[in-house]
Structure formats: structure tokens, C-alpha cells
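Remarks on the structure that follows.
The values are calculated or read from the model by the stated rules, or taken from the named source; none is laboratory data. Quick caveat: nothing in here was measured; it's all calculated off a predicted structure. So basically every Cβ, Gly included, is an ideal-geometry build from the backbone, and we count neighbours across all protein chains shown. Surface accessibility is based on the protein's heavy atoms, side chains included, excluding ligands, DNA and RNA. Shrake-Rupley method; radii C 1.70, N 1.55, O 1.52, S 1.80 Å.
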Amino acid sequence: MIRLPGLIDPHVHLRDPGETHKEDFDSGTAAALAGGFTAVLAMPNTRPPLTDQAGLGATQQAARSRARCDYGLFAGAGADNFTSVAALAPATVGLKLYLDHTFGLLRLDDQETVHRHVAAWPADRPIAAHAEGRSLALALLLGHLAGRPIHICHVSRRDEILLIRSAKEKGVAVTCEVTPHHLFLTEDDIRVIGLKRAGVRPPLATAGDRHALWDNLAVIDCFATDHAPHTAAEKDGEQPPPGFPGLETALAILWEAVHEGRLSTEELVLRMHTNPGRIYGLPEQAETWIEVDPQSAWDVHAADLNSRCRWTPFEGMRLRARVRRVTLRGRPALEDGRVLAEPGTGRDVRAASPT
Ligand code: NCD
Ligand code: ZN
């Protein structure tokens, strides 16, 4: 059994409030614990989106009553909240900027609006950007001009990771995350997953892109699932929404790379615990750890997972590692597949914490 610190996922969609048939803080944090995550940072593209005090209040209430693991909330940059959203900074983990095609209503098309958001959000608080291709260059420049760091979400392509590498070499304050699905799947897997279900943003890329991510592992600060649950019926329907669930498979999939010697345990912990905690300034979770059995093969089946979405792009995959136990703040939170932490026991990482 291998003992690791509690994993932190800096990018999940828990759909609460508004689309709780896909997921909510209860099912989503159960999935997190099953996957070895003791803290998750939730994205603001809920219904309503978390772009103002009312949205923040609604999400805080949902999370407080249902979360089983610790959580942080992102504020969303909207078309008209660049003067008001900074007021949400103390209660949130960062501002999310959507510069490219996504699920929900938070996409920003207007460059001036993006510029205003980057200038107005407090410089000591993180900004996370969904910025693909040329939008990435814009996000890097605007962050640099504002003299503030930018975190780039779900980098998926060769041109993107090379641009971030160049920016880092020039001293630009940028960090980035990559998902397990972009590290392990390519467009060749679309046939297996099925065209509709395989839709995800950013899309699955080429084998060359995937190789470039692995070749530039040193440039990747975090692994993030971008857990984006939509029900199987929705994915199979007329207009399938983009997104993959990922919380319950991430560690085990990445462990395949550990097994193959492509990734060390230290490199994994750096990207799934240390760096996300540092980038978002999260408090240490006292007496918190997970126990992983590295030789306990299991087959991925959606029916066995806690996520409400009831499907996974990794269906049928045989994985070696299994999270056996999670201890969260001194209490057993997961044991042999059973989630023990009750809804409402998770804490907001930005709430004043008793020491
Ligand atoms: C995300 C979702 O469903 O909320 N979908 C996705 O394909 N990644 C949105 C997003 O992260 O852009
Ligand atoms: Zn996302």
C-alpha cells in the first residue's frame, strides 16, 4: 500500500446548483473521494452561473449542505460583471475566463472585456483561463501586461504547450494544467468511445499532440480532470454537450504511466497535490492522506462509479491502481470503495478555518 497526500483537483464541474441531474455536490464529491481527491475546485458555469453575490450564495449553500470533501469555488468572468466580480475574490479561489467554445453561457468574445477582467481582478488572486490556440497568446499577453500570473486550463495541443514553454523561459508568470484524457486518449479513440460521447472541449487531439504533452512534462504544473459530467442520455442525444467525467479514473490512469516508468510518484504528487495547492493558495488539510494499492487490477465500469452521469470514456479499461482508503482531517472518508464521509462534512477552503 502506498500512502500519498490527499489529491487536489483544480478543475471540476459539479453542476450544482441548476443541473443536479448530471451531478451535485453530494455525488461529485463522493466521486472525488473514490478517486483519492480530498479537495476539488469547482467551476462557475452552473445555472445560474457564479458571477455575482446571488450566484455565490446559492452555490455556497448547496456546497455547505452536500459536499463530502473540501472544495473551493471559482467566480466566472461574464460580459458585464468586470466592475463587480472582484468583490467575490475573498470567498472564491480564482476567476475563470472562458475565451473559447465551451458548455454554458460564460464565453467572452470581446477582447476589451477580457482585458478589463484581467486588469480588475486582484493581482494576488489567481485567474484561470480556458484559452486554446490563438486565445492562449492573448491570455498570456494580457496577464503579462497586467503584471499578474495566469493559469491555463486543460492544455491539449503541441503548439500550446510549446508556447507556454517559451513564455516560461522568458519569465512570464504562467502555470498550466493537463487532463488525463488528453494525456492518454487521441482522436483515434473517438471511434471506440463513439462520436457523440467523445465530444469534449478542448477536443481529443492527435498522437503528435499527445506526445508533445509527455515530452514537455516539465512544463505541466498540474494534472486536472476537468470532470465535466453530462448524462449518457444527453451525450447520446440530438445535441450532445461536450465533457468527460474523470474524478474516479484520473489517479489510476496516471498510475499506468508510473508503472511504465514514464512518471515518478514524486512527479505525480507534485502535479496532483503540491502545485495545485500552491497555485491556488489552499490551506494544508491536516491529518489527510490516501492509501493506494498499486497492484489491484480493476476494470472501469460506469455502473460502479459514484458520478451521476453514468458513463465514462474509459469504459472497459483495465487499470492497476486502486484507491483503498481516504482519511480526511483525521476521519475515514473512504474505505474499500465505500464513501464514508457524509454530505455536509466538506469545508470551503476559503472559509476561515480554525487552526
Ligand atoms: C465543460 C462542461 O461541460 O462544463 N465541458 C468540457 O468539454 N470540458 C466546459 C469546459 O470546461 O469548457
Ligand atoms: Zn472545464
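Of all the Cα-Cα pairs you can form in the range 123-193, what percent are over 21 Å apart?
Numbers: 692 of 2485 pairs.
The answer is 28 percent, as a whole percent.
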With every protein chain kept in place and a 1.4 Å probe, the range 283-342 has an accessible area per residue in Å² of 54
Binned at 10 Å starting from 0, the alpha-carbon pair-distance distribution of the range 220-288 in whole percents comes out as 18, 36, 29, 16, 2
HN-Hα couplings for the range 249-264 via Karplus (6.51, -1.76, 1.60; θ = phi - 60°), in whole Hz with x for Gly/Pro, come out as 10, 4, 5, 5, 5, 5, 5, 4, 5, 5, 4, 7, x, 8, 8, 8
So, over other residues within a Cβ distance under 13 Å of ARG3, counting Lys, Arg +1 and Asp, Glu -1, the net charge is -1
Cβ-Cβ cut-off under 13 Å around PHE314, Lys and Arg +1, Asp and Glu -1: the net charge is -4
THR186 and ARG318 label points (each 7 Å along its Cα→Cβ direction) are spaced in nm at 2.3
Quick calc of log₁₀ I(q)/I(0), the range 62-182, Debye, one scatterer on every Cα, no solvent, q values 0.13, 0.16 1/Å, result -0.51, -0.77
The value for the chain (convex hull of the alpha-carbon atoms, volume per residue, Å³) is 122
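Of the GluC sites (Glu not before Pro) in the range 233-278, which ones lie in a loop per DSSP and count no more than 11 other C-beta atoms within 10 Å?
Numbers: sites: GLU234, GLU238, GLU248, GLU256, GLU260, GLU266, GLU267; in loops: GLU238, GLU248, GLU260.
Listed in order of number, the matching sites are GLU238, GLU260.
On average, how much area does the Cα convex hull of the range 231-355 cover when viewed from any direction, in nm²?
Dividing the Cα hull surface by four gives the mean projection, 9.6 nm².
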When the chain is treated as a Gaussian network with springs between alpha carbons less than 10 Å apart, the largest mean-square fluctuation among HIS11, HIS21, HIS117 is found at HIS21
Length-normalised contact order of the chain, Cα under 8 Å, at least 6 apart, in percent, tallies to 23
Taking the square root of 5λ for each eigenvalue of the C-alpha gyration tensor of the range 270-320, the equivalent ellipsoid has semi-axes, largest first and in whole angstrom, of 28, 15, 11
One point scatterer per Cα, no solvent, Debye formula: log10 I(q)/I(0) for the range 1-128 at q = 0.09, 0.14, 0.17, 0.18 Å⁻¹ comes out as -0.25, -0.59, -0.84, -0.93
Taking the chain and counting helices only, DSSP H stretches of n ≥ 4 at -39,500 (n - 2.57) each over all residues, the nearest-500 ellipticity at 222 nm comes to -8000 deg cm²/dmol
Between ARG116 and ALA54, Cβ-based FRET efficiency (R0 25 Å, step 0.05) works out to 0.70
Note: LYS196 to ALA297 extended length (0.36 nm per residue) minus current alpha-carbon separation gives 33.5 nm
One quarter of the C-alpha convex hull surface, i.e. the mean projected area of the range 42-106 in nm², amounts to 4.4
Scoring the range 54-151 by relative contact order with C-alpha pairs under 8 Å, at least six apart, yields a percentage of 24
Over the range 136-237, the quotient of the Cα radius of gyration and 2.2 N^0.38 Å is 1.18
